[in-house]
Amino acid sequence: MFLTLLICALEILTNLSPASAQYDGPPLPPPETTQLGYVDGKSYYYNDSQIMDWQSASQFCQSFGWRLAEIRTQAQHDFFVAKSQNEGFIGQYWLGARDSSTVGQYSWDGIDWSRDNRLKNFGQQILLYHQPQMCLLFESYDLGAGYKRSYWSTQPCVGSSAAILCENIPRINYYKF
């Protein structure tokens, strides 16, 4: 009897070992993706080793259950400016806004196309090029001598390439007690 209990206990412990554990959460970020940080309940990840067009960048983010980053609040805007000024977050990164319905009217792509979804620039300079099918970038540059500059700009969604900036919004389980 004792031997049977011991064998059962060992079997249970073997099945609970980390080697047999299965991860059942959202997809984990790939190794080449770097976490930039958290703000307003969102976590941001970037990949500057892969340069691609807007649609491919959007699909890259979606493959991990994410979306291209959206800057909807002053706190989010300040976060990206601070990262570029203080932590070397330098380069051109696709954001999740485009003007696919009206030239020059940009909307975030993540939810809907209502008036509330239109782009607010938080006093940020945006270099706009008024052509159809333009997508939004966050750009930051180190100009030397301690001077860094960041701004938003637009580039054609197709035929232009930039690095990837994704956001992950935590899923809320309203049914968990």
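Once backbone amide H atoms are built at 1.01 Å from N, residue 70 has 96 as its partners under 5 Å, excluding neighbours fewer than 5 places away on the same chain. In plain terms, the residue of 63, 43, 150, 107 with the fewest other Cβ atoms within 10 Å comes first and the most crowded comes last, giving 63, 43, 150, 107.
Other residues within the sphere of radius under 14 Å centred on the Cβ of residue 90, judged by their own Cβ, net out at -1 (K and R +1, D and E -1). Going by neighbour counts of Cβ atoms within 10 Å, the residues 151, 46 line up, fewest first, as 151, 46.
Under 5 Å between amide hydrogens, built in the peptide plane, is the criterion, and for residue 148 it picks out 143 among residues at least 5 positions away or on other chains. Scalar couplings 3J(HN,Hα) for the stretch 45-57, obtained by applying the Karplus form with A = 6.51, B = -1.76, C = 1.60 to θ = phi - 60°, are 10, 9, 9, 9, 8, 10, 9, 7, 6, 4, 4, 5, 5 Hz; x denotes Gly and Pro.
Every number in this text was worked out from the coordinates using simple rules, so none of it is lab data. Since the structure is predicted, the reported quantities are computational estimates derived from the model, not experimental observations. So basically every Cβ, Gly included, is an ideal-geometry build from the backbone, and we count neighbours across all protein chains shown.
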